[in-house]
Amino acid sequence: MKILMVCLGNICRSPIAEGVLAQKAKERGLDWQVDSAGTNRYHTGEAPHRFSQKVCLQHGIDISGQCARTFTAKDFEQYDIIYALAMDVYREIEKIGGTKALMNKVKLFLSEREEGSTASVPDPWYGDESGYLPVYRLIEETCEAIVHKYTASSL
Ligand code: 4NP
């Protein structure tokens, strides 16, 4: 299964989601490929934000090798599930190429934690370091729910 995590810059939230879900899949021996992208290109080519790297490393996950890239219409073909980490990101994805059929692949990330939720992962970009741990925890809980959901049906 190929999964894409998408936020705005691809430097704060989606790199954490990529790192955490990839780690969980690896631990469970799942053949999942997890990537991430951003709907804007301000940070293309950059490594994840230092506080995203730090909070992941504190939990045993090294995301320093990731490199920010921009979401494109081609991603609709490449991935089975595309997770928008926030509602504004979901709308951007819709603008980039979402026909109704393609948008079936796109889900709001936090709806996997709580069905029907329209909540967004808060953007820690505008705040200080204290914002990163709560964001990490929210992402971790949601990734756990995703693994549970997609492995429970195949047991
Ligand atoms: P992210 O955070 O979407 O979680 O990577 C942001 C990073 C940079 C910007 C916006 C959000 N920016 O506008 O530069």
The lysines whose Cα lies under 17 Å from the Cα of K26, excluding any fewer than 8 residues away in the same chain, are K2, K149
The alpha-carbon center of region 50-94 and that of region 134-148 are separated, in whole Å, by 14
A 1.4 Å probe over the protein heavy atoms gives region 2-152 a carbon and sulfur accessible-area percentage of 49
With +1 on the Cβ of every Lys and Arg and -1 on the Cβ of every Asp and Glu, the dipole magnitude of region 110-155 about its Cα centre, in debye rounded to the nearest 20, is 180
Residue separation between R137 and L30 times 0.36 nm, minus their alpha-carbon distance, gives in nm 36.3 nm
For region 2-152, averaging the sequence separation of alpha carbon pairs under 8 Å that lie six or more residues apart and dividing by its residue count, the contact order in percent is 27
Applied in sequence order to region 48-55, the curve 6.51 cos²θ - 1.76 cosθ + 1.60 (Karplus, θ = phi - 60°) yields integer Hz couplings, x standing for Gly and Pro, of x, 3, 4, 6, 5, 4, 5, 5
One finds, for A73 and N40 with R0 = 22 angstrom and r their Cβ-Cβ distance, a FRET efficiency to the nearest 0.05 of 0.90
Per residue, accessible area of region 2-152 with a 1.4 Å probe, heavy atoms of protein chains only, in Å², comes to 50
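The values are calculated or read from the model by the stated rules, or taken from the named source; none is laboratory data. These numbers were taken from a predicted model, which means no experiment stands behind them. Note that we place each Cβ from the backbone using ideal geometry, even for glycine, and neighbour counts take in every protein chain shown. Remember, those area values only see protein heavy atoms, side chains included, never the ligands or the DNA or RNA. Shrake-Rupley method; radii C 1.70, N 1.55, O 1.52, S 1.80 Å.
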